[in-house]
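Before any comments, here is the structure.
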């Protein structure tokens, strides 16, 4: 009887751990998966910045913009979320100056209600 109780407890413990793992995945935060241009990249002047997130985004509350090294915003259009792929956000860029360091600032409001934000730099050749 005691062996049966230990097996039952072990089984229930394993089920509890599995449930916690599934719950963490279900409530995951939207974080960048792919960024173009990427963090720290040196690139020819891009026409837009794109970020693919790990979770679907709420378009109303998610945004992205780009600034110069001095903090001046260079983006003149609002960022957009792809309606066919709500994990994909982009913002159009004007002609950027060669040799400039630019900062991408993003805020992601996941469809599950979690908010994340961040920033990274890239350099134009």
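As a footprinting exposure proxy, order 55, 48, 69 by other Cβ within 10 Å, with the fewest listed first.
Values: 55 20, 48 15, 69 11.
Arranged by neighbour count, lowest to highest, 55, 48, 69 become 69, 48, 55.
Pull out the extension gain between residue 76 and residue 41, defined as 0.36 nm times the separation in residues minus the alpha carbon to alpha carbon distance; nm, one decimal.
Additional length available on full extension: 10.4 nm.
Given a Förster distance of 25 angstrom, what is the FRET efficiency for residue 101 paired with residue 61, based on the Cβ-Cβ distance and rounded to 0.05?
0.35
Which number do you get for Rg(Cα) / (2.2 N^0.38 Å) in the range 55-109?
Scaled against compact globular proteins, the figure is 1.21.
May I ask you to sort 60, 116 by Cβ crowding, counting other Cβ atoms within 10 Å and putting the fewest first? Mind showing how you got there, number by number?
Numbers: 60 8, 116 17.
Final ranking by Cβ density, sparse to dense: 60, 116.
What Kirkwood hydrodynamic radius do you get for the range 31-124 when you take the inverse of the mean 1/r over all pairs of distinct Cα atoms, in Å?
After inverting the mean inverse Cα-Cα distance, the result is 13.2 Å.
Cut-off is 10 Å between beta-carbons; in what order do 57, 96, 83 appear when sorted fewest neighbours first?
Taking fewest neighbouring Cβ atoms as first place, the list is 83, 96, 57.
Using 19 Å as the cut-off for backbone N distance, which residues of the range 76-102 belong to the label zone defined by a point 7 Å from the Cα of residue 48 along Cα→Cβ?
Flagged as within label range: 76-96.
Bear in mind these aren't lab numbers, they're just calculated from the coordinates by the rules spelled out. This structure is a prediction, so every number in the text was calculated from the model and none was measured. Glycine also receives a Cβ, built like all others from the backbone with ideal geometry; neighbour counts cover every protein chain displayed.
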